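Each remark here refers to the structure printed beneath this line.
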Amino acid sequence: MSADWWRQAVVYQVYPRSFADGNADGIGDLAGLLDRIDHLVELGVDAVWLSPFYPSALADGGYDVDDYCDVDPRIGTLAEFDALVARLHEAGLRLIVDIVPNHSSDRHAWFVEALASPPGSPARDRYVFRDGVGPDGDQPPSDWEAMFGGSAWQPVGDGQFYLHLFAPEQPDFNWDNPEVRQEFLRVLTFWADRGVDGFRIDVAHALAKDLSEPLPSHAEVEQLLDGHSPLWDRDEVHDIYAEWRELFDRYDPPRIAIAEAWVPAHRRPRYASADGLGQAFNFDLLETDFEAGRFREIVTTNLALAAESGSSSTWVLSNHDVVRHPTRYGLPALATDEPTPPSAGVRHQNGRNWLNSGAPADQLDLTRGLRRARAATLFMLALPGSAYLYQGEELGLFEVADIPDEARQDPTFFRNAGVDVGRDGCRVPLPWTPDGSSYGFGDDGAHLPQPDWFGRLSVAGQVGDADSTLELYRAALTLRREWQTAESLEWLTPPEPVEWTLAFRRPNGWTCLTNFGADPVALPAGTVMISSQPITGDEVPGETTVWLHD
Ligand code: NOJ
Ligand code: CA
């Protein structure tokens, strides 16, 4: 097996509780996944990234891990996990698992022990405990806010507080503690020995922290960048990954890793370097409107960053944390007098807020959203580097906007009531059949309610329909395999008007043209391989991508 298999791989993210339910309890599981491997093979992906499947109270969709070396009994068993590795490998697919090293769950044996142990004890030192402050010592050590809202410090009733950058059920580990370091080497070895090919590292930029006193204020922390924050993206984090790299390189082929690190672009190459994790997510496309100038700038910047790190670039349009891209692209354009968002995080945030605001449904243009999504997908799949797909995007699924409050699960919703609707709308169990119980997801309902339009977008409802999004993905992935070439591209002068078209050519003559505008543009010379909308005559319709070769 080539050690470079990951460089231009298409990786399909499985959010296991919502993929397929094999035992009729409404929760997706490994049995369901084992049963649907054919779908992934027919789709033509190279690898699966499995989101957390560990025992968990699901305070944060499984990103609150009780035990890093086991499978949640609701999801399956270690024996089924081994069967999954074997079946994927037999089918020529690799497996990447999610590792959550910044925090455990509050039910992890170490945290239970820490709570039962006195302040200052070795058990507490595995996490970040601090004495309360103020005249009565009952105030949190700082005004830091958690990512899901509220204070980042939780009191434990004996004068101490623990740090949680996410939900209170997710206490942060103290990575200065050698036992924590040892434990994760054990965890990585446990899965690598079971045949796992790689790891997706959750919040990879937060492990190293500097909690020396006095602690800066929340507002100060927000301003401290480029290694100066006490919490985020500290240079010392790379010492941890250098140690992991030694471990990964002991395997043949070496295990791979990809950092989920929300850091400024110029800080990404260190995470992606060959003596570190090896690859890092670039979420730039996922955070950007469907706009030619921005797409070009993002591609240029990220290819340069990939070259700087020696890694390949990564491309993502959707994942389990953001509004699905066919919905995002159908949102009303920001009014021109609205200030440009400082970062597109705001844009996807806007997407969620917009969905949450009860704004009139007729402002959301889903037909246009899907049309742009198909064009953006073909654009992404022609780029050099690896592409990460999120389950259901091959069906053109939209965000489910109307989940009743009582059915919601995401802590983002509960901790920001009325402000942020949360991420459940992209985590609704997949539709496999046009009708039937939970649209073929399982035989006894789905843990998040599916809307009635789900059947129309089901796998069985699309197979064989040449115009469907599923068949577009399948055909595109087949062609991508056939035409994959060296990791570079050359920008071409696109047809007029150049402001809203982008064209690039890969070294073997594989050419991609995207018309971001509403009106048609001229079809360049060459043989059409595939297009996101039907091409008639010699024009590329609006909001369409076409692949050609000489
Ligand atoms: C990033 C994950 O993608 C997200 O789902 C999770 O809530 C946070 N990390 C905390 O683990
Ligand atoms: Ca189940």
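Every number here is computed from the coordinates shown, using simple stated rules; none is lab data. These numbers were taken from a predicted model, which means no experiment stands behind them. Every residue, glycine as well, gets a Cβ built from its backbone with ideal geometry; the counts of neighbours run over all protein chains shown.
Here segment 430-550 is described by how far its Cα atoms reach on the three principal axes: 54, 32, 24 Å, from widest to narrowest. Rounded to the nearest whole Hz, the Karplus-based 3J(HN,Hα) values (6.51 cos²θ - 1.76 cosθ + 1.60, θ = phi - 60°) of segment 368-384 follow the sequence 5, x, 5, 4, 5, 4, 4, 5, 5, 5, 5, 4, 4, 6, 8, 6, x, with x at glycine and proline.
Assuming charge only on the beta carbon of Lys and Arg (+1) and of Asp and Glu (-1), the dipole of segment 1-59 about its Cα centre is about 200 debye to the nearest 20.
Could you tell me which of SER318, LEU381, PRO216 has its Cα farthest along the dipole of the chain towards the positive end, charges placed at Cβ (Lys, Arg +1; Asp, Glu -1), taken about the Cα centre? So the residue furthest toward the plus end is LEU381. From most to least packed by mean Cβ count within 10 Å, the peptides 522-529, 3-10, 543-550 give 543-550, 3-10, 522-529.
Based on the alpha carbons, how large is the Rg to Rh ratio for segment 157-236 when Rh follows Kirkwood? Could you put the intermediate results ahead of the total?
Details: Rg = 15.2 Å, Rh = 14.8 Å.
Ratio value, two decimals: 1.03.
Here's how it looks for ARG94: its modeled amide H is under 5 Å from those of ALA47, VAL48, which are all 5 or more places away or on a different chain. Divide the volume of the convex hull around the Cα atoms of the chain by the residue count and you get 149 Å³ per residue. Across the options GLY425, GLY276, HIS89, the greatest Cα extent toward the positive end of the charge dipole of the chain (unit charges at beta carbon of Lys, Arg, Asp, Glu) belongs to HIS89. Residues in segment 129-144 carry Karplus couplings, in order, of 9, 9, 5, x, 10, x, x, 9, x, 9, 9, x, x, 7, 8, 4 Hz; the curve used is 6.51 cos²θ - 1.76 cosθ + 1.60 with θ = phi - 60°, and Gly or Pro positions show x. Structural descriptor for segment 445-550: relative contact order 19 percent, calculated from alpha carbon pairs under 8 angstrom and at least 6 residues apart. Among HIS205, HIS164, the ranking by other beta carbons within 10 Å of each residue's beta carbon, starting with the fewest, stands as HIS205, HIS164.
I need the semi-axes of the equivalent ellipsoid of segment 17-87: take the C-alpha gyration tensor, multiply each eigenvalue by 5, square-root it, list largest first in whole angstrom.
Values: eigenvalues 85, 33, 29 Å².
They are 21, 13, 12 Å, listed from largest to smallest.
For the listed peptides 49-57, 262-270, a ranking on the average number of other beta carbons within 10 Å per residue, highest first, reads 49-57, 262-270. For segment 429-487, the percent of C-alpha pairs falling in each 5 Å distance bin, counted from 0 to the bin holding the largest distance, reads 4, 20, 21, 15, 12, 11, 7, 5, 3, 0. Normalised by 2.2 N^0.38 Å, with N the number of residues, the alpha-carbon radius of gyration of segment 21-170 equals 1.32. With q set to 0.09, 0.16, 0.17, 0.20 Å⁻¹, the log10 of I(q)/I(0) for segment 171-316, from the Debye formula over equal scatterers at the Cα positions, is -0.31, -0.92, -1.01, -1.24. When +1 charges are put on Lys and Arg Cβ atoms and -1 charges on Asp and Glu Cβ atoms, the dipole computed for the chain relative to its Cα centre reaches about 1140 debye. Database remark: amide H of ILE256 closer than 5 angstrom to the amide H of GLY198, PHE199 (H placed geometrically; neighbours at sequence offset of 5 or more, or on other chains; Pro and chain starts carry no H). Taken as Cα centroids, segment 63-92 and segment 27-42 sit 12 Å apart, rounded to the nearest whole angstrom. In terms of packing, defined here as the mean over residues of other Cβ atoms within 10 angstrom, the peptides 395-403, 481-489, 440-448 line up highest first as 395-403, 440-448, 481-489. In loop segments of segment 256-294 as defined by DSSP, the GluC sites (Glu not before Pro) with at most 15 further C-beta atoms inside 10 Å of their C-beta are GLU291.
Place a +1 charge on the Cβ of each Lys and Arg in segment 130-286 and a -1 charge on the Cβ of each Asp and Glu, then give the dipole magnitude about the Cα centre in debye, rounded to the nearest 20.
Details: 13 positive and 30 negative charges, 134 e Å.
Taking the Cα centre of segment 130-286 as origin, the dipole is about 640 debye.
Here's how it looks for ILE530: its modeled amide H is under 5 Å from those of TRP547, which are all 5 or more places away or on a different chain. With θ taken as phi - 60° and the Karplus curve 6.51 cos²θ - 1.76 cosθ + 1.60 applied, the whole-hertz 3J(HN,Hα) list for segment 477-483 is 5, 5, 5, 4, 4, 5, 9 Hz, x standing for glycine and proline.
Positive-end ranking of GLN160, LEU472, ALA257 along the dipole of the chain, with charges on Cβ about the Cα centre, is headed by LEU472.
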